[in-house]
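Engineer: Let me begin by handing over the structure; questions about it come next.
We did not get these values from a lab; they are worked out from the coordinates using the rules stated. Just so we're clear, the structure is a prediction, and the values are computed from it rather than from any experiment. Don't worry about glycine lacking a Cβ; one is built from the backbone with ideal geometry, like all the others, and counts go over all protein chains shown.
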Amino acid sequence: MFFLNKNIRAVIFDLDNTLYNENMYIAEVLHIFSKKYDLDFNKNDFIDNENLREKSNDIFSFWLHNINFYSKQKQEELFALYQNISFNMPLYEDARELLVFLKRQRVKIAILTNGVVNVQENKIKCIKELKKYKPRIFYARSLGKDYEKPHEKSFKMVLDSLNEDIENVIFIGDNLLTDIVGAERVGIKAIWVNKNDSKNIANVEFAVTNLREVLVKCW
């Protein structure tokens with residue numbers, strides 16, 4: 001069991017798959033598209049299927065080819081939906097519990113996320129309950145694609161805004177490279193959320209399987 005500095009004044013979170021299940025967002029896009037074209041699509045199966053998404057960086061192109069329904073126009077239509085879809089997307093339950101606690105303790109909450117800015121902005125809009133926790137939201141790509149996590153510049157952007165001593169700040173994320181290695185490069189203590197119990201290839205010092213453990217180990 002690990003213990004961090006108890007005087008934590010700010011927590012920076014990754015967004016995708018740390019605070020919510022990104023598969024839910026993509027599944028909703030595919031669901032709406034499938035209804036329009038009368039395609040057979042099981043939203044729940046997709047949400048639970050990690051292997052499908054891991055086969056391609058371009059999930060929409062891969063999915064369309066996989067069902068023999070690809071065209072450039074349909075791929076562009078899916079990406080347009082991806083940028084503008086509107087529905088109510090829930091937080092992970094353990095993320096909600098931690099955010100509630102942090103708000104009560106008056107700990108500053110920030111989010112630093114990679115990805116196309118208008119897509120990430122739309123995801124935030126869809127997670128409607130996030131508003132109540134008043135997070136400071138930072139889009140790494142606003143600095144330029146080359147400065148996304150794990151680049152130091154994106155982390156320093158958040159630190160400058162928080163105006164807290166770095167030893168009183170922690171970063172929480174699910175990606176070993178972009179989140180954990182990136183944060184540690186600038187001197188931020190980072191907690192890896194290893195939900196799938198993956199091999200700790202980077203020998204991360206602070207790891208949890210869910211965010212409830214953060215409450216036990218950090219406060």
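Engineer: Using just the C-alpha positions of the stretch 116-217 as equal point scatterers, what log10 of I(q)/I(0) does the Debye formula give at each q in 0.10, 0.20 1/Å?
Structural biologist: -0.30, -1.22
Engineer: For the chain, what does -39500 (n - 2.57) per DSSP helix run (n ≥ 4), summed and divided by total residues, give at 222 nm, in deg cm²/dmol to the nearest 500?
Structural biologist: One gets -12000 deg cm²/dmol as the mean residue ellipticity at 222 nm.
Engineer: With just the Cα atoms defining each centre, how far is the stretch 131-153 from the stretch 41-113? Give it in Å.
Structural biologist: So the separation of the two Cα centres works out to 18 Å.
Engineer: Apply the Karplus parameterisation 6.51 cos²θ - 1.76 cosθ + 1.60, with θ equal to phi minus 60°, to every residue of the stretch 28-41 and state each ³J(HN,Hα) to the nearest whole Hz, in sequence, with x for glycine and proline.
Structural biologist: My calculation for the stretch 28-41 gives 5, 4, 5, 5, 5, 4, 5, 4, 4, 9, 6, 9, 7, 9 Hz in order.
Engineer: Ranking request for peptides 164-171, 9-16: highest mean number of other beta-carbon atoms within 10 Å first, then the rest in descending order.
Structural biologist: 9-16, 164-171
Engineer: Right, something else. Listed here are the pairs 134/189; 72/149; 43/189; 131/156; which of them are more than 26 Å apart at the Cα?
Structural biologist: Listed pairs above 26 Å: 72/149; 43/189.
Engineer: Is there a quick way to get the dipole size of the chain? I mean about its Cα centre, with the Cβ of Lys and Arg at +1 and of Asp and Glu at -1; what is the value in debye to the nearest 20?
Structural biologist: Roughly 820 debye for the chain.
Engineer: While we're here: Could you give the Stokes-Einstein D for the stretch 22-84 in µm² per second, using the C-alpha Kirkwood radius, 37 °C, 0.692 mPa s?
Structural biologist: Here the translational diffusion coefficient equals 281 µm²/s.
Engineer: At 7 Å along the Cα-to-beta-carbon direction for both residue 104 and residue 49, put a label point, then send me their distance in nm to one decimal.
Structural biologist: 4.1
Engineer: Could you run the Debye sum over the Cα atoms of the stretch 83-171, one equal point scatterer each and no solvent, and tell me log10 of I(q)/I(0) at q = 0.26 Å⁻¹, two decimals?
Structural biologist: Here log10 of I(q) over I(0) equals -1.33.
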